[in-house]
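Written below as structure tokens is the structure these notes are about.
Nothing in this text is a laboratory measurement; each read-out follows from the coordinates by a stated rule. Everything numeric here is computed off the predicted structure, so don't read it as measured data. Neighbour counts are summed over all protein chains in view; Cβ atoms, including those assigned to glycine, are modelled from backbone coordinates with ideal geometry.
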Number of protein chains: 2
Amino acid sequence: MPTSYSISGFPEWSPEQRIVEKRVLEKIEDSFRLYGFINIETCGVESYESLMKKGDGKEIYRLAKAGSGEENLGLHFDLTLPLARYVLERRGELVFPFRRFQIQKVWRGERPQGGRYREFYQADIDIVSQGELPKHFEYEVPLAMCHTLKSLSPLGLGNFTMHINNRKLSEGFYRALGIKDVEETLRRIDKLDKLGVQKTRQILEEVAGERGAEACLDLAQIKETDPRRLGERLKDLCKKWNVEGPSEETDLMWEGAKDAEAVLSSLVRSGFEGACIDCAIARGLDYYTGCVYETFLQEAPSLGSICSGGRYENLISTPKQKYPGVGMSIGVSRLLSHLFSKARADRVSPAVALVTVWSEEEREKSDEVARILRERGIACEVSPSASKLGAQIKRADRLSIPYVWFVSDEGEEVKDIRTGDQKKADPAFWEPDPKYAADIIVRE
Amino acid sequence: MPTSYSISGFPEWSPEQRIVEKRVLEKIEDSFRLYGFINIETCGVESYESLMKKGDGKEIYRLAKAGSGEENLGLHFDLTLPLARYVLERRGELVFPFRRFQIQKVWRGERPQGGRYREFYQADIDIVSQGELPKHFEYEVPLAMCHTLKSLSPLGLGNFTMHINNRKLSEGFYRALGIKDVEETLRRIDKLDKLGVQKTRQILEEVAGERGAEACLDLAQIKETDPRRLGERLKDLCKKWNVEGPSEETDLMWEGAKDAEAVLSSLVRSGFEGACIDCAIARGLDYYTGCVYETFLQEAPSLGSICSGGRYENLISTPKQKYPGVGMSIGVSRLLSHLFSKARADRVSPAVALVTVWSEEEREKSDEVARILRERGIACEVSPSASKLGAQIKRADRLSIPYVWFVSDEGEEVKDIRTGDQKKADPAFWEPDPKYAADIIVRE
């Protein structure tokens, strides 16, 4: 587990950790492709105004140049805003609904404490439509994410729980209670996890009144793994707070409830356990308009949500056309900080064999063996110096290169330094044991 | 070929172009691994002072935050400076010689003209030693790069020429001529390509005098594909300018010549044609101390060097220890701007099949087919809407998804929309034609 970096908040991994990171990124990507998501990469910067409009101004890194001062550019803090720009710029050429994935670093100038990173990888999928976005995408995206997270279990990622809520459900209930500032209420309920009930009640009362605060907290208590039971619990809640309707507000609530149920049903049907409807999930961002999602590791809930997102109706739009979407994002670096305690690289060097050098005069012979092996796709390195064989083998051992190749006029030999097994070998035919293809070991 | 981006100088590719970029990056990475290079990734920023010390101040992007102003951080402009820091920070844990590769974006605030990018990918390999760096690494690194560039020929990269020179050769000759400011002379000779002989002679005369300028230009004329002929040509040159030695200066020149010859011999021995010794190669950076390299595409010399580097003796050091290295860097984005005219993606979506939907009520059936296909590793998407079959097929066609799956109670069928071939199929057993695995087409 890395505890310090030379540049505060900007994590950097050892070569061994990088192998784990690389594998995690590859697994995520493979899974995204399986669901037909198309890869794009956007540049690292956006116009400073657009960043300031959507993000937390204090956290945005702006670019400046010696001589010419501040530029109208800043580093992107997520991959949703870049997607919005990309879609609008290329709306004439993209095929809608546009299913895209994007795995890139993002930057946030947060105070680097409590494991918060200032630079980290996000892995996003979104489906963006032109005009209407069918509701079934609200379960397709979390379904793809459940599959993706599950594909990481061979790397040590344990069970997770995906929590589903719907903005319409919360908003309908809040409005039925007579709460005016729904957005602010959501923002405060979002803090329940961090602040606890007592403190949250206090800040809720400021916007929702005493009765409103209590009712909001009551709604936030609803957590259901059985989609069929949500309706009953909401009915009881409405009865208790005397907002049974029917009214425009309760209609909105029931629409949201139905959508959340559909997502949960679909996940259950696909065999993903550990999904639930959780009416406490609010999400900080104000652009969500339908289902919202957060995901927690069962053995490390304190990490916070490792995969979140939701549906947005109006984030991407022109005066004439709207492009509603639904997307989720994995916080890869946060997830890694957990995985590093589980998975470690078995091999540091990609080389399978170290070709020894008998003397510097005969280095050409070793180079030739390496050339033949590489031509056959076998990764190797030639010993850096014609030192004593023991020292050459020690390098292979320290780099966890499993084989050492001995070049000699009497015939080549190759030794498995883990088993001690030594055999005659011809570089044109020799194959390493397939067991050395696996380069990551997971602690049980 | 992309001609404009919304953010000037920051290129962004279409989904189709991104497929080509991704493939290029993968090929490069595979080749680096074959040579036993270990992957690391460094963060995107460095301390602003260290960037200003080594780079062109006008081009460095500094970070600033609203409220707290300019930070002591800037975006890295290459991957060598980050490597130097990484090696020094981890010198206690790394195994030396440290063979590392690194493929990341870098940023340079150049004026975005003439195809210059402000954000682009570099792919670097370096071998860094502790104490002494054996000379054979000066050919291992260009050898690995020749192999890497050659591995891109299936993507349309044509023949290239690697030009080799050695700083000691130039410096020895310059000093023998009595030139004092060797660094400045090198910097000016480096401009020969851009400025032409006339103008270069003029700026050379300011530092090297009339005779010196003429002799420098004479040296720069030497281009040799046969390593055995270099000695003779240098001898003639020294005789012409009356600096035959032997002296400390000519010794240095001959040492450099021997090293450059050894690199060329090794490349020739390994079957790479199109390498040459080119005494005009100087490289702008002042930290090089031995062999230097530049690489040009034969069909697009105007692109400039696509792969450059050299040996550096003192770039990485502590007061007690030096870490000499040799490295080269591929300018991937520049290379891509050329490849886009050669290679194009045959497939836009990674999905091999589009599962159609008969009616929204029956979407679950289509979801189930998709689930089974994905479980078997077959990428697919479910039709976004239960529109007319023609419209569903049109989506597959526009996304170049080769198969359309028809879900029906009477039995499933799958149609290859390129051949028109339609067959009964079971999602638990069906396999797509392997020909659809290739997703990039190269123009002949």
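Quick notes on this structure:
- Under 10 Å, Cβ to Cβ, from A:CYS279 - net charge with Lys/Arg +1 and Asp/Glu -1: -1
- Leading residue at positive end of dipole, chain A (Cβ point charges), from A:VAL369, A:PHE96, A:PRO319: A:PRO319
- Averaged over A:267-276, number of beta-carbon atoms from partner chains that fall within 10 Å: 1
- Residues A:ARG376, B:ARG334, ranked from the fewest to the most other C-beta atoms within 10 Å, line up as A:ARG376, B:ARG334.
- Nearest-ten-degree value, helix B:389-398 long axis tilted from longest Cα axis of chain B: 10
- Cα gyration tensor shape of the range A:349-442, rounded if a/c is under 1.5, else prolate or oblate by comparing a/b with b/c: prolate
- For the residue pairs A:LYS342/B:LYS22; A:LYS27/A:LYS435; B:LYS27/B:LYS194, the alpha carbons lie more than 26 Å apart in A:LYS342/B:LYS22; B:LYS27/B:LYS194.
- For the pair the range A:279-300 and the range A:209-226, the centres of their Cα atoms are 16 angstrom apart.
- Chain B: angle of helix B:192-220 to the longest principal axis, Cα-based, in degrees nearest 10: 20
- Per-residue shielding of B:154-165, expressed as the average number of other chain Cβ atoms within 10 Å of the residue Cβ, stands at 0.
- Selection from B:VAL357, B:SER305, B:SER341, by position along the positive dipole direction of the range B:301-363 (Cβ): B:SER305
- In the assembly of identical copies, B:LYS235 has its label point, taken 7 Å from Cα in the direction of the beta carbon, separated from the corresponding points by 10.5 nm (ascending, one decimal).
- Under 22 Å of direct C-alpha separation, and excluding same-chain neighbours fewer than eight residues apart, B:LYS54 reaches these lysines: A:LYS65, B:LYS105, B:LYS168, B:LYS191, B:LYS320, B:LYS322.
- Sites A:ARG91 and B:GLN198, calculated FRET efficiency, Cβ-Cβ separation with R0 56 Å, nearest 0.05: 0.65
- Order of B:ASP30, B:ASP259 - criterion: other Cβ atoms within 10 Å of each residue's Cβ, fewest first: B:ASP30, B:ASP259
- Distances in nm from A:LYS320 to the matching label points in the other copies, shortest first (labels 7 Å along Cα to Cβ): 7.1
- Here is how the number arises for chain A: DSSP H runs of 4 or more residues each give -39500 (n - 2.57), the sum is divided by the residue count, and the result at 222 nm is -11500 deg cm²/dmol.
- Where chain B is rotated onto chain A, the residue of B whose Cβ comes nearest the axis, and that gap in whole Å, is B:ALA64, 2.
- C-alpha long axis of helix A:248-269 to longest principal axis of chain A, angle in °: 30
- Note: relative contact order over the range B:227-336, using C-alpha pairs below 8 Å and six or more positions apart, is 16 percent.
- With its label point defined 7 Å out from Cα along the Cα-to-Cβ axis, A:GLU248 lies at 9.2 nm from the matching points of the other copies, in increasing order.
- Centre separation in Å (Cα based) which lies between the range A:227-251 and the range B:355-401: 36
- Simple spin-label estimate for B:ASP218 and A:ASP30 gives 6.3 nm between the two label positions (7 Å along the Cα-to-Cβ direction from each Cα).
- Centroid-to-centroid separation of the range A:126-180 and the range A:25-44 [C-alpha atoms, Å]: 19
- Ascending count of other beta-carbon atoms within 10 Å, so fewest first, for B:LEU217, B:LEU195, A:LEU83: B:LEU195, B:LEU217, A:LEU83
- Per-residue shielding of B:58-70, expressed as the average number of other chain Cβ atoms within 10 Å of the residue Cβ, stands at 6.
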